[in-house]
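Report on the structure given below.
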Amino acid sequence: MMGTIKLAGQGCLAIALTVLLGACGSDDSVVSSSRISTGQMQATLEVYSDGDDSAYASAQLLNEHSQTSGDEYVELLEGDELWFTTGVNLREETLGSNWFESLAELAHTQQLLAGTTRYRSDHLFFFWSVLTPEKVHYNGQLEDVPDGARYTVSLLRDSKAEALESTVTMPRAFDLLSPTSDQTLSRSSDPVQLEWLPTESDVMVEVDVTTTCADDSEYQYRTTVDEDTGALQIEAGDIDAERLSGSCSTTATLTKARLGQLDSAYAGGSISARQVRTVTFTTVE
């Protein structure tokens, strides 16, 4: 027997958390989803993986037609939910004859995005995020996901038009081969040679190199290239600054990024997927 299930509002597959509003926010910067249509929402949907067989999603919705002087962030209420899935959208999921086995499988492939706040320094994923992290947004995690999976973020609504088909394919897993954690490089005279395998077509490569010293001085270098060649050289002196001195800790974060297809029911926005690797090594003057 086959059965179609509606998962909106169903608590058996995820633990829903209370929505928290950022300390920097105020009531006039948040609007209830019950007051606006999907066609008034600007969606930013971001999916990440750091190679641990898990995938993380963050989503933020803005009111495209805000009547306030600043941005107006959407809080999902009254049956409106965001779901993060592998495969098809939730409205198309079916259960086979073994309902218990099917539900167990669904628990690994779908996650309700719960409302929270997170600051940019809390996670390496926010290096390239375009979310406003201190404002209300929604997060979720899927475990044991296949490499290069296709992800769907669906907005389910009980009484308004839905946005079920925002999809993106995660870049393939890769190994960051160089630099290594046991290396010591001179910031002024040594280039930083980044090397990784395998390469992949149709992705953008983003690099962030942040150096922090014992006196809390810090310098950040960033670059983006449109082609994945498996190698990128940062020239000697590019990660140096006059305020840096002595032996410092330098963290290189390399990200492969791909844009997906946002559901046309939204007013606009984007969905993207990023595969992230990081290494920390020592630099000296």
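Every number here is computed from the coordinates shown, using simple stated rules; none is lab data. These numbers were taken from a predicted model, which means no experiment stands behind them. Heads up, the Cβs are rebuilt from the backbone with ideal geometry, glycines too, and the neighbour counts pull from every protein chain shown.
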* Asked: Nearest 20 debye, what's the magnitude of the dipole of segment 146-267 about its Cα centre given +1 on Lys and Arg Cβ and -1 on Asp and Glu Cβ?
  -> 400 debye
* Asked: Can you sort LEU177, LEU62 by how many other beta carbons sit within 10 Å, fewest first?
  -> LEU177, LEU62
* Asked: How large is ³J(HN,Hα) for each residue in segment 211-217, as worked out from phi by the Karplus curve 6.51 cos²θ - 1.76 cosθ + 1.60 (θ = phi - 60°), to whole Hz, x for Gly and Pro?
  -> 10, 10, 10, 4, 8, 6, 6
* **Where labels lie 7 Å past Cα in the beta-carbon direction, separation of GLU143 and ASP182 in nm** => 3.3 nm
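Taking R0 as 22 Å, what's the FRET efficiency between ASP202 and ASP238 from their Cβ-Cβ distance, rounded to 0.05?
Given R0 = 22 Å and the Cβ-Cβ separation, E is 0.20.
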* **Ranked PHE281, PHE84, criterion: other C-beta atoms within 10 Å, fewest first** => PHE281, PHE84
* Structure fact -> The ³J(HN,Hα) series, computed from each phi in segment 166-175 with the Karplus coefficients 6.51, -1.76 and 1.60 at θ = phi - 60°, rounded to the nearest Hz and given as x for glycine or proline, is 8, 10, 7, 9, 5, x, 5, 4, 8, 10
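FRET efficiency for THR223 and THR169, Cβ-Cβ distance as r, R0 = 25 Å, nearest 0.05?
Approximately 0.55, to the nearest 0.05.
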